[in-house]
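Asker: Here it is: the structure, laid out below.
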Amino acid sequence: MTQASPAKNTDDTPTVDMKDIVALCKRRGFIFQASEIYGGLNGFWDYGPLGVELKNNIRDLWWKAMVTTPPIGPDGEPLQIVGLDSSIIQNPKTWVASGHVGGFSDPMVDCRQTKRRYRADHINILQPKDGEGHWLAVPQDDDEGISEKRLKKFGKGKSIGAFEATPLPEVNTSDYDKIIGPDASEPGTLTEPKEFNLMFETYVGATQSEDSKAYLRPETAQGIFLNYKNVLDSSRVRIPFGIAQIGKAYRNEVNPRNFVFRSREFEQMEMEWFCHPDDAKQWREFWIAERKRWWESIGIKSESMILREHDRDELSHYAKEGEGTLDIEYQFPFTYPGFGELEGIAHRCDYDLTQHQEHSGTKMQYIDPDDNQNRYIPHVIEPASGLTRAVLTVLCEAYTVDPDRPSGMYLNFKPSVAPKKAAILPLVAKDGMPELATKLYMDLREDMAVDLDIKQNIGKRYARQDEIGTPFCITIDSDTLQDQTVTIRHRNTMEQERISIDKVKEYLTEQLGQMA
Ligand code: ATP
């Protein structure tokens, strides 16, 4: 199933610089650093007026594709998928049963000199091949050229080719005294790796004790497993069926980085598909194809994604090779020419339901309504993706450099995700043009998200709409006053055409429909 698609371009550099995307997000109100006026808080982000619209549009498209109008199954009938909105804080036994209390951790090393902490599996150790000199610790995804800088400083004039890179977890701890940490200036300051649990802890009620300790959910999935019986008993779903949920999840990530890609508070879109164990393999293939298609439907080009089967050492203990987790990965500017995870499609077997059955004592068996003897714990196929990571992906994919326009770029959003579908711009703020523009705006706003922008020169207003990815700009000018026609400017081509003002709604509906 794994197939590596060709890379987006074959140069060494991505077409878009992350710094430009981050700057645009702040300038135009998509994404701000959380608590910015207090210096921010690492790993937390706020979605501004346009960011929340973009996020809600993606969220609604996922919900529609999963719950409102789920896909047609292999038998030609629509699949049964119902929605859920479970609590962020659950009984802490949930996370013992799911394995998160015992196992949801990363191996960490601390630097005694700089007091910084690193994920051991994100660090490479550069060892001189000739055995002479220090060993240098550098980040694995070295997008800032740190290895080169460190080599210049500590490498005794050797070039990168004179070193061999080994992931830190594979280095013997007895050799740690030779290593200069990623930000250190002397060798031997890294501690041995320790496990660090990623769940945020809190206390429920007035007393803070071990007994009142609870956790912010690190994934939305467990809320679904906890409600599997409730959903079965209260609705008319039968195996196979799905339960879908969108909501916040929290992970105390050691190194939140790459803008919102890895944050400590984020949103997930997860669906648990409950099926007969014998059918799980086939459903896994079904969902892989379906999810890839969905990403394409929101504007992610097929060649910007790859499907990657987890390697043997990444597989959960219950998963079979080639039937475990497959990731849909995207070629982000900061992973380029590599790819980063967008979504995981996992065969979770009966692991979670069995764990909750054992820990809670509640039976999780499914009894076939047509055959009472046919009882089993369903297997689960889980497409799990990040909504906030999807926002970043859509922004990266849409960002198009174009030196021929004043903004130097535009966001090539699909209309379905664009925060504004059209903008109405009177050429000047006089001669009755604002009034005509307002009239058109009042008519269109009933049907679609439109922007009315009256002030500033027209070039600046076009630039703003290009930067926020509005597919169409409608300009009211002096001719409009004479012949009741307006100019429609197409975002991607900048081509303009004139149509009658009373045809604008029909025209936009048709065009936006065609581009959907
Ligand atoms: P990673 O290996 O990158 O830590 P994961 O494999 O643990 O991620 P899952 O538990 O499978 O991730 O979560 C499902 C989805 O949730 C991911 O594909 C990703 O889109 C999103 N996600 C996970 N962690 C984060 C995070 N810290 N910030 C933003 N999105 C995240």
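Asker: Among the candidates GLU341, GLU296, GLU303, GLU270, single out the residue that is closer than 26 Å to HIS122 by Cα and within 19 Å of the chain's Cα centre (by Cα).
Answerer: GLU341
Asker: Here is a follow-up. Between a first residue in region 257-272 that is more than 19 Å from ILE88 (Cα to Cα) and a second residue that is hydrophobic (A, V, I, L, M, F, W, C) and within 8 Å of the ligand (Cβ to nearest atom), which pairs have beta carbons less than 8 Å apart while being 6 or more apart in sequence or on different chains?
Answerer: Note: pairs meeting the criteria are VAL260/PHE266.
Asker: Quick test for you: out of LYS115, LYS149, pick the one residue that is closer than 15 Å to ASN255 by Cβ, open to solvent by 60 Å² or more (accessible area, probe 1.4 Å) and out of contact with any strand residue (DSSP E or B) (no Cβ under 8 Å at 6 or more places or on another chain).
Answerer: LYS115
Asker: If you check GLU253 against the conditions, is it within 15 Å of the ligand (Cβ to nearest atom) and surrounded by fewer than 20 Cβ atoms within 10 Å (Cβ to Cβ)?
Answerer: Judged against the criteria, GLU253 is a match.
Asker: Give the residue that is modelled with the lowest pLDDT, with candidates limited to residues of region 123-140 that are within 30 Å of LYS19 (Cα to Cα) and open to solvent by less than 60 Å² (accessible area, probe 1.4 Å).
Answerer: Restricting to residues being within 30 Å of LYS19 (Cα to Cα) and open to solvent by less than 60 Å² (accessible area, probe 1.4 Å), the top hit is PRO139.
Asker: Another question about this same structure. Within the group VAL254, VAL237, VAL260, which residue is outside any helix (DSSP H, G or I), under 29 Å from LEU411 (Cβ atoms) and among the aliphatic types (A, V, I, L, M)?
Answerer: Within the list VAL254, VAL237, VAL260, the selection yields VAL260.
Asker: Please name all residue pairs, on different chains or six or more residues apart, with Cβ atoms under 7 Å, provided the first residue is in region 40-54 and is modelled with pLDDT of 95 or more and the second residue is within 14 Å of the ligand (Cβ to nearest atom) and hydroxyl-bearing (Ser, Thr, Tyr).
Answerer: Correct list of pairs: GLY43/SER263; PHE44/SER263; TRP45/SER263.
Asker: Checking GLU265 against (1) open to solvent by 20 Å² or more (accessible area, probe 1.4 Å); (2) charged (D, E, K, R); (3) farther than 24 Å from LYS55 by Cα, which test does it fail?
Answerer: Exception for GLU265: condition (3).
Asker: Would you point out which residue out of GLU497, GLU506 is part of a helix (DSSP H, G or I), loosely packed, with under 12 Cβ neighbours inside 10 Å and modelled with pLDDT of 95 or more?
Answerer: Answer to the check: GLU506.
Asker: Given ALA221, ALA214, ALA206, which one is assigned by TED's automatic domain parsing to the domain that holds ASP352, hydrophobic (A, V, I, L, M, F, W, C) and within 16 Å of the ligand (Cβ to nearest atom)?
Answerer: Checking each option against the conditions leaves just ALA221.
Asker: Collect the residues in region 158-193 that are part of a helix (DSSP H, G or I), loosely packed, with under 14 Cβ neighbours inside 10 Å and in contact with a Phe, Trp or Tyr (Cβ under 9 Å, 6 or more places away or on another chain), keeping them in residue-number order.
Answerer: ASP175
Asker: Go through ILE501, ILE476, ILE488 for me and flag whichever is touching a Pro at 6+ places or on another chain (Cβ under 8 Å) and assigned by TED's automatic domain parsing to the domain that holds PRO434.
Answerer: Result: ILE476 is the single residue among ILE501, ILE476, ILE488 that is touching a Pro at 6+ places or on another chain (Cβ under 8 Å) and assigned by TED's automatic domain parsing to the domain that holds PRO434.
Asker: Can you name the condition, by its number, that MET1 falls short on among (1) surrounded by 12 or more Cβ atoms within 10 Å (Cβ to Cβ); (2) modelled with pLDDT under 95; (3) more than 22 Å from GLU303 (Cβ to Cβ)?
Answerer: Going through the list (1) surrounded by 12 or more Cβ atoms within 10 Å (Cβ to Cβ); (2) modelled with pLDDT under 95; (3) more than 22 Å from GLU303 (Cβ to Cβ), MET1 breaks only (3).
The values are calculated or read from the model by the stated rules, or taken from the named source; none is laboratory data. This structure is a prediction, so every number in the text was calculated from the model and none was measured. Heads up, the Cβs are rebuilt from the backbone with ideal geometry, glycines too, and the neighbour counts pull from every protein chain shown. To get the accessible areas, we keep the full protein, side chains included, count just its heavy atoms, and leave off ligands, DNA and RNA. Shrake-Rupley method; radii C 1.70, N 1.55, O 1.52, S 1.80 Å.
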